[in-house]
Amino acid sequence: YRFVFDFPYFRFRANQNSKYFPRSPHNMSDTSDDDYSDDPLDADIHQSNSTNEEDEQQEGETFDTDLPTAHKYLGKLNTVSGYTIFDDGEVIELLAIHTKTLVFPGFTLPLVMNTQLEQSTMDSFLKKCNIFVLVCADEMGSRLYKYGVTMEVFESVSQNDTLYLKAKGRQRCKILPTKEIQHLGGRLQKVTVKILAEPAFTSPIACTQLLSLCSRRPHLFANYKDLLRSYKYRRYHLAQFPCASWVYDRNEVSFYVEHMLKQLVRFYLKENIPLDPVTLSYWFIQNFQLCHEERLHLMKLDSALERLKVELRLLERERLLCCILCKTEITRQSQVFAMSKDGVQSNYCNPGGHVYETVTVVKAKNFNLVGNPSKEFSWFPGYWWTIMQCRLCQGHIGWRFSSNHLQPRTFYGLAKSGLEIRILAKNQSNELD
């Protein structure tokens, strides 16, 4: 029978017994069902002596997490000047690109366009405006989702009939249903969008104090701990209102930022988590393992406070990352870690133009390694990549990255397109703990 594999380098179809699939032990690794695997690295890049490996582990150079965000595998790109922010509520006609991934304001999207139609169309639009809209499929996968994000190109180059570019998310927008969507071919459309506002957040008791007390007893705190320090006077002030004080506390943005941080430090380094409420609300969507429907729901919420309220509830249950075809468990939320300063989940592009939303994890199980390790077009400079496929159904689930001189020695980049998020019930989460 025949398999189709997705490489960061290319895609091809081959017979199982062909020269592309050597059966030697270091090329095909079978993992255990019971434990998460820390597979030995490939023989051609690792020493076999375990003592020497431990010594190297201590002496290895720590990987620079700034490198993945630079997307150096795209080559040398030319800087595009400008920083465009549209007015709230502005209606504008823009070029739209349809992908299988989501990018939120503040995060980067790499793109490769190697078809003549896409390249020429994109080039002509970029000469007029460096802004386009990133759109994706809706919950059913049958049509465009009505919300998107404006992206500004900040680096690009056209060479060898291929357009390489990097763009950064700027603002949320909504596709106007009354305007016709013009299909331009490939992944490109022309759409009319309305720029969505990011409302300023304030305290629910902001306008209830006497002006003379505002400077002495502030009501808006960026830090929830500062709010608690002045809680005595806050409680006196809230006594005049019908609801209990905790009701008003739960409408303070600082309350949700504080409780989000307490939960997120279980999975992420505290210094990597942003403290700004708006940035945190987008960072969570980009980095936490959410299913497509959850992410789409968060995208349409109007304010950071609304998003943080929902996100805090989403943090309560353990999540498993399973093969999208056979539902076999590959890893869990507790195994994720950051190999990029943007977080644990980033977008990367292969030469064929396919964008992969990739999550990096420490350990994984129920997979086979297929093919020889390669450094070509590696998303993590200094690491070799090897294809991972599900052990049960042979579906493509990502890549194992390995190095003999960098820390960590091994990690796994799982493709979200090959995974399904399974949310466990609370009693199941307790059993895992």
Quickly run through segment 117-176 and pick out the residues that are assigned to a helix (DSSP H, G or I) and either touching a Leu at 6+ places or on another chain (Cβ under 9 Å) or under 24 Å from Gly352 (Cβ atoms) (or both).
-> Leu117, Glu118, Gln119, Ser120, Thr121, Met122, Asp123, Ser124, Phe125, Leu126
So His183 clears everything in (1) at pLDDT below 90; (2) buried (at least 16 other Cβ atoms within 10 Å of the Cβ); (3) assigned to a strand (DSSP E or B) except one condition, right? Which one?
-> (2)
Name the pairs whose Cβ atoms lie under 6 Å apart, with the first residue in segment 104-118 and farther than 17 Å from Ser158 by Cβ and not assigned by TED's automatic domain parsing to the domain that holds Leu296, the second assigned to a helix (DSSP H, G or I) and of a type outside the set (Phe, Trp, Tyr), and 6 or more positions between them or separate chains?
-> Phe104/Ile285; Phe104/Gln286; Phe107/Gln286
From the list Ser340, Ser402, pick out the single residue that is modelled with pLDDT under 90, polar (S, T, N, Q) and not assigned by TED's automatic domain parsing to the domain that holds Pro110.
-> Ser340
Which residue, of Lys166, Lys146, Lys128, Lys174, is of a type in the set (D, E, K, R) and buried (at least 20 other Cβ atoms within 10 Å of the Cβ)?
-> Lys166
Go over the candidates Lys179, Lys174 one by one and state the one that is among the charged types (D, E, K, R), touching a residue at least 12 places away in the same chain (Cβ under 8 Å) and in contact with a Phe, Trp or Tyr (Cβ under 6 Å, 6 or more places away or on another chain).
-> Lys174
For segment 68-89, which residues satisfy the criterion of being closer than 20 Å to Pro105 by Cα and surrounded by 13 or more Cβ atoms within 10 Å (Cβ to Cβ)?
-> Pro68, Thr69, Ala70, His71, Val80, Phe86
Is it fair to say Glu294 is more than 18 Å from the chain's Cα centre (by Cα) and either modelled with pLDDT under 95 or closer than 21 Å to Arg250 by Cα (or both)?
-> no
Picking from Glu316, Glu293, Glu306, which residue would you name as being out of contact with any helix residue (DSSP H, G or I) (no Cβ under 7 Å at 6 or more places or on another chain) and in a loop (DSSP other than H, G, I, E, B)?
-> Glu316
Here are some conditions: (1) surrounded by 21 or more Cβ atoms within 10 Å (Cβ to Cβ); (2) touching a residue at least 40 places away in the same chain (Cβ under 8 Å); (3) under 19 Å from Ile423 (Cβ atoms). Phe284 meets all but one. Which one does it not meet?
-> (2)
Go through (1) without any contact (Cβ under 8 Å) to a residue 60 or more places away in the chain; (2) surrounded by 21 or more Cβ atoms within 10 Å (Cβ to Cβ) one by one and return the number of the condition Ala364 breaks.
-> (1)
Strands (runs of 3 or more DSSP E) completely within segment 340-433 that count 1 or more residues being more than 16 Å from Cys322 (Cβ to Cβ) | 345-349, 355-361, 367-374, 384-390, 396-402, 410-415
Being hydroxyl-bearing (Ser, Thr, Tyr), more than 16 Å from Phe86 (Cα to Cα) and modelled with pLDDT of 90 or more narrows it down to one of Thr108, Thr101, so name that one.
-> Thr108
In segment 248-280, how many are among the aliphatic types (A, V, I, L, M), surrounded by fewer than 19 Cβ atoms within 10 Å (Cβ to Cβ) and outside any helix (DSSP H, G or I)?
-> 3
Condition set free of Cβ contacts under 8 Å to residues at least 60 places away in the same chain and closer than 23 Å to Lys300 by Cβ, scope segment 265-280, selection farthest from the chain's Cα centre (by Cα): answer is Asp276
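The values are calculated or read from the model by the stated rules, or taken from the named source; none is laboratory data. Just so you know, these numbers come straight off a predicted model, no measurement behind them. Ideal geometry is used to build each Cβ from the backbone, glycine not excepted, and the neighbour counts take in all protein chains shown.
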